[in-house]
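**Q** My questions all concern the structure below.
The values are calculated or read from the model by the stated rules, or taken from the named source; none is laboratory data. These numbers come from a predicted model, not from an experiment. Note that we place each Cβ from the backbone using ideal geometry, even for glycine, and neighbour counts take in every protein chain shown.
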Amino acid sequence: MSAPDSSNFRRVIPDGDDRLRRVCGDCGFIDYQNPKVVVGAIVTFEDQILLCRRAIPPRVGYLTHPAGHLERGETAEEGAIRECWEEARARIQIHSLIGVHSTPEAGVVEIIFGARMMEAAFGPGPESQDVALYRLDAVPLGELAFPTTRWGLERAIPAAVPRWHAANA
Ligand SMILES: [Zn+2]
């Protein structure tokens, strides 16, 4: 196998395949480019939602639920728990699967869990400027960093959706 940036890589359709792949001309290694898996959690404490204000690009200063890339060697649930600690210094208990959100054009599949905090203990990790609890009727939808947060919130708390639509009509 050559290094991935080797000039010996060519774009060809391998036998039995149906799309172009980068294939090593020396050994035939196929550099499959598959989507990344992101894991996240919509975290509640009583009737409030935990959101992080991002300190890193993209979308610095905007709000997101805790989420990040799943690492090899951990389950999706373990990854979501780790991200909640890294970004929000929150210890969570996962109680449900909210949904799987695909962004094909970005090559990302996000698994979003529902979780709760047992106590209101949280704070900004290195990737967050600030972490706070928001009442359901006070989530600043215009400050959300990515569509996935609203997607997850709407599925986690469907009762809040009509109010959000009214507030943004
Ligand atoms: Zn090779």
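**Q** Please report, ordered by residue number, the strands (runs of 3 or more DSSP E) entirely within region 1-116 with at least 1 residues that are in contact with a helix residue (DSSP H, G or I) (Cβ under 8 Å, 6 or more places away or on another chain). If you could, list the steps in order and put the result at the bottom.
**A** On the way: elements: 9-12, 21-24, 36-45, 48-54, 67-69, 92-103.
So the answer is 36-45, 48-54, 67-69, 92-103.
**Q** Still on this structure: Look through region 11-58, keep the residues that are out of contact with any Asp or Glu (no Cβ under 8 Å at 6 or more places or on another chain) and basic (Lys, Arg), and return whichever of them is farthest from residue 154 (Cα to Cα).
**A** 11
**Q** Which of the residues spanning region 4-37 are of a type in the set (Gly, Ala, Ser) and within 10 Å of the ligand (Cβ to nearest atom)? Let's see the steps before the verdict.
**A** Going residue by residue through region 4-37, those that are of a type in the set (Gly, Ala, Ser) are 6-7, 16, 25, 28.
Those that are of a type in the set (Gly, Ala, Ser) and within 10 Å of the ligand (Cβ to nearest atom): 6, 25, 28.
**Q** Another one. Return a yes/no flag: does region 114-122 have any residue that is over 16 Å from residue 63 (Cβ atoms), surrounded by 17 or more Cβ atoms within 10 Å (Cβ to Cβ) and of a type in the set (Gly, Ala, Ser).
**A** yes
**Q** A further question on this structure: Looking for something over 14 Å from the mean Cα position of the chain (by Cα), surrounded by fewer than 20 Cβ atoms within 10 Å (Cβ to Cβ), in the same structural domain as residue 154 (by TED's automatic domain parsing) and among the polar types (S, T, N, Q) - is there at least one such residue anywhere in region 100-107?
**A** No.
**Q** Taking region 141-154 on its own, how many of its residues are within 15 Å of the chain's Cα centre (by Cα) and in a helix (DSSP H, G or I)? Steps first, answer last, please.
**A** First, the residues of region 141-154 that are within 15 Å of the chain's Cα centre (by Cα): 144-153.
Within this subset, residues satisfying the condition of being in a helix (DSSP H, G or I) are 147-153.
Summing the residues that are within 15 Å of the chain's Cα centre (by Cα) and in a helix (DSSP H, G or I) in region 141-154 gives 7.
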